[in-house]
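Below is one structure, written out as structure tokens; the observations come after it.
The values are calculated or read from the model by the stated rules, or taken from the named source; none is laboratory data. Please read these numbers as outputs of a predicted model, since none were measured by experiment. Positions of Cβ are generated from backbone atoms using ideal geometry, with glycine treated the same way; all protein chains shown enter the neighbour counts. Note: accessible area is taken over every heavy atom of the protein model, side chains too, but ligands, DNA and RNA are not part of it. Shrake-Rupley method; radii C 1.70, N 1.55, O 1.52, S 1.80 Å.
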Amino acid sequence: MNEALLKDAVLRVGEVCGIEGRKVFIRLDKEKNSSDLLFNGDILKNISVGSYVEIRKGFLSIIGKAEGEKLEEDNFKYREKENQYKIIDKNKRTLVVTLSGFIGSDGRFIGGIKELPLIGNEAFILTETKIHTIHDLLKKDSSLKICIANTDIEEVPISLPVDGLFNSHIAIFGNTGSGKSNTLASLYQSMVTALSAKPNFRSNCKFFFFDFNGEYTNSSCLSSSKIVYNLATKDDSKDKIPMTFDELMDIETLSILLEATEKTQKPFLKRSLKYYRQVKQSKDESGNSDYLNYFKNIVKRNIKNALKMTNKDTAFKILDYLEEIVAFFVDESTEKAFRDDIEYHNQSNCFFKKGSSQYFSSDDSAIEQTNLYVAVESIADSKLNSLSELNQFFIFILIQLINDLFRYKIQIDHVVPVINRFKAKQASIEHVFKIESTSNIWRNSNIVVLNLHDVNLDMRKTIPLLMAKHIYNAHKQENNQKSLSIIIDEAHNILSKTSFRETEDWKDYRLETFEEIIKEGRKFGVFVTIASQRPNDISETIISQAHNYFIHQLINQKDLQTIGNAVSYIDKITEESIPTLPVGTCVFSGIATPMPLKIKINELPDDQKPDSNTLKIERITENTPSIISKLPLNKQNQKVKRRN
């Protein structure tokens, strides 16, 4: 009993002197003005702004967080001698506390307000046991946890729950160099470590990383068993994403790759794709492929129809497209001679064979002798099938365009842009994707990193959109029996609401796709994690749908305003501290914690860190041996430090 009374006497800091809603004012005892207290040989940190305080109301322990402090003067007269009075000023400290929660009868911390304290209730410094209690985020029915951080002020290790955190949408924000990449890597590396021993982890939990800067490709980062696709759009030297013919030659896939408009260009591509499949799968009477003959007959028929037209402008456009088709199969000299024997008679409004009086409108045999027609006859099966799938499809895009022009079915100005985009993107698409009989992007792993560092700007937006939609639609078939985590680092690259390199319609489609995933994905076991240095650039819908937030240092006022509007759980003092957070320290807030916590994320070992270190000017200006320059950046810094 005496020991308990002594402990309370030491830990007591004052008593409640005022209550205004959630704000409680505590008048501090004069003898508790020091920064530290000694108790049983231990040094205890005294109460201060930012620390927690316990207010005892009977058997109920109410927990609050100190948000401010003020000094008040308490003047009174002291009788020194008879009829002589002396005014004495006594300064008293008053602590402003915001209530955070209470410790229930089961000994667990519960966020929210159950009861308000009364004036005169005593306030105490939290013991280490109670500090652990209020930072215990695990639920009763959950034992899975990861330990990657300490509390900022008390420096108490804190465990984050797997359920409640990873089965939710997560947002990680922070300026460059604030530690957000370390936080992202620590979260998922610790989760993989915690769950890897579970028998169904590999089969039931999948993780797909979009890595825009190549930070997570290190063999030990995230997991040693991950699959990395190092993509490049400039040549074929890097990896390619495997897809089946049906997956790549799908109208939704092609519409995304070519940024086709919904009402005009997508229906045109759909007709072209249907035509291509119909011809490619055609059979003769014996059941053998009739692809070559069918294709040649289509081109020859169109040549005849074009050379019989009276509309000069349309006819020459169609001839241009036909020449572009046939050019795939002939050499340059043959291509240049395509029109050497074709001429248009302006008075008669018809084509004729150059150097003769044979008019094509009435003489099919003359057409069959033209250079263009003869070139089609010479097309061999080996040449047609040696073309890539995209080249073959492009040919049928032109054939469909010709057919539509014959029927006056389209406004060519509406369709030509998607054809030009096809030409511009075709090489990049072929460098990034490959067609296989069976595609399994996961191979034998459940963790995939898509490295987009060497991908051009156009494809940087297209590939994540396509792959996210592809894996999301595939996972929806699992009936919420498995989980899929989509992790997007540098998310402003793909989730930006302002973009001048694409049309408004396409930007809306891109954002709506990811908004659908983040709004509806939870029902199918799909969870999204985004990390960005510019939350203000990201769609408000996406930010507001996150369940848990890790907020590192942010300085820009627009970014801070975005966080303030989206994250309603953060108290005023915590929000105001965001611009001054040290590197690695962040505010953790959301459904996984009953109140916002300021935590310090543990730094990963050098070989497990993402490659996001800031370049050291001192290191690169020194006469460093060439062997050091070949090491990863974090290893180079270590070498230089040892040498110094």
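Using the 1.4 Å probe convention, the accessible area of the chain works out to 49 Å² per residue with neighbouring protein chains retained. In this structure, the amide hydrogen of residue 137, modeled 1.01 Å from its nitrogen in the peptide plane, lies closer than 5 angstrom to those of 159, counting only residues at least 5 positions away or on a different chain. Across all directions, the average projected area of the convex hull around the alpha carbons of region 203-260 is 6.0 nm². For the peptides 149-158, 203-212, 100-109, residues were scored by their other Cβ atoms within 10 Å and the scores averaged per peptide; the highest-first order is 203-212, 149-158, 100-109. How far is helix 180-195 tilted off the main Cα axis of the chain, in degrees rounded to 10, range 0 to 90? It is inclined by approximately 90 degrees.
For region 466-531, rounded, prolate or oblate, judged on the Cα gyration tensor with a ≥ b ≥ c (square roots of eigenvalues), a/c < 1.5 rounded, else prolate if a/b > b/c? Cα axes put region 466-531 in the prolate bin. Packing around the peptides 255-264, 552-561, taken as the average count of other Cβ atoms within 10 Å per residue, puts them in this order, highest first: 255-264, 552-561.
If you fit an axis through the alpha-carbon atoms of helix 633-643 and take the longest principal axis of the Cα set of the chain, what angle between them do you get, 0 to 90°, nearest 10? So the inclination is approximately 50 degrees. Karplus-based coupling profile of region 557-565, in residue order and whole Hz: 5, 5, 5, 5, 5, 4, 5, x, 6, with θ = phi - 60° in 6.51 cos²θ - 1.76 cosθ + 1.60 and x standing for Gly or Pro.
Pairs of alpha carbons in region 373-531 separated by more than 29 Å make up 36% of all such pairs. Largest first, the three principal axis extents of the alpha carbons in region 308-392 are 43, 22, 21 Å in whole numbers. Under 23 Å between alpha carbons, and skipping anything fewer than 8 positions from residue 600 in its own chain: which lysines qualify? Here the lysines satisfying the reach criterion relative to residue 600 are 45, 65, 130, 139, 145, 180, 572, 609. Sorted largest first, the spans of the alpha carbon positions of the chain along the three principal axes are 140, 54, 52 Å.
What a 1.4 Å probe finds exposed on the chain is 47% carbon and sulfur by accessible area, rounded to a whole percent. Ranked by the mean number of other Cβ atoms within 10 Å per residue, highest first, peptides 414-422, 510-518 order as 510-518, 414-422. From the alpha carbon centroid of region 122-174 to that of region 230-296 is 51 Å.
Each residue of region 144-157 was assigned a 3J(HN,Hα) from its phi angle through the Karplus expression (A = 6.51, B = -1.76, C = 1.60, θ = phi - 60°), giving 6, 8, 10, 10, 10, 8, 10, 5, 5, 8, 7, 6, 9, x Hz with x at Gly and Pro. Distance distribution note for region 171-239: the fraction of Cα pairs above 18 angstrom is 48%.
Here's the list of lysines a cross-link from residue 409 could span, going by alpha-carbon distance under 25 Å and ignoring same-chain residues fewer than 8 apart: 263, 266, 270, 274, 280, 296, 300, 304, 308, 312, 317, 423. In this structure the amide hydrogen of residue 358, modeled in the peptide plane, comes within under 5 Å of the amide hydrogens of 353, none closer than 5 places in sequence on its chain. Short-range pairs are left out: with C-alpha atoms under 8 Å and at least six residues apart, the relative contact order of region 328-379 is 30 percent. Residues in region 325-338 carry Karplus couplings, in order, of 5, 5, 4, 5, 10, 10, 7, 5, 5, 5, 4, 5, 8, 4 Hz; the curve used is 6.51 cos²θ - 1.76 cosθ + 1.60 with θ = phi - 60°, and Gly or Pro positions show x. Taking a ≥ b ≥ c as the square roots of the Cα gyration tensor eigenvalues, region 307-353 comes out oblate, since a/c reaches at least 1.5 and a/b does not exceed b/c. The convex hull built on the alpha-carbon positions of region 86-189 has an orientation-averaged projected area of 11.4 nm².
Relative contact order of the chain: 19 percent, from C-alpha pairs under 8 Å at least 6 residues apart in sequence.
In the chain, the calculated helix contribution to ellipticity at 222 nm averages -11000 deg cm²/dmol per residue, counting -39,500 (n - 2.57) for every DSSP H run with n ≥ 4.
Take every DSSP beta bridge whose two residues both sit in the chain; close to 70 percent of them are antiparallel.
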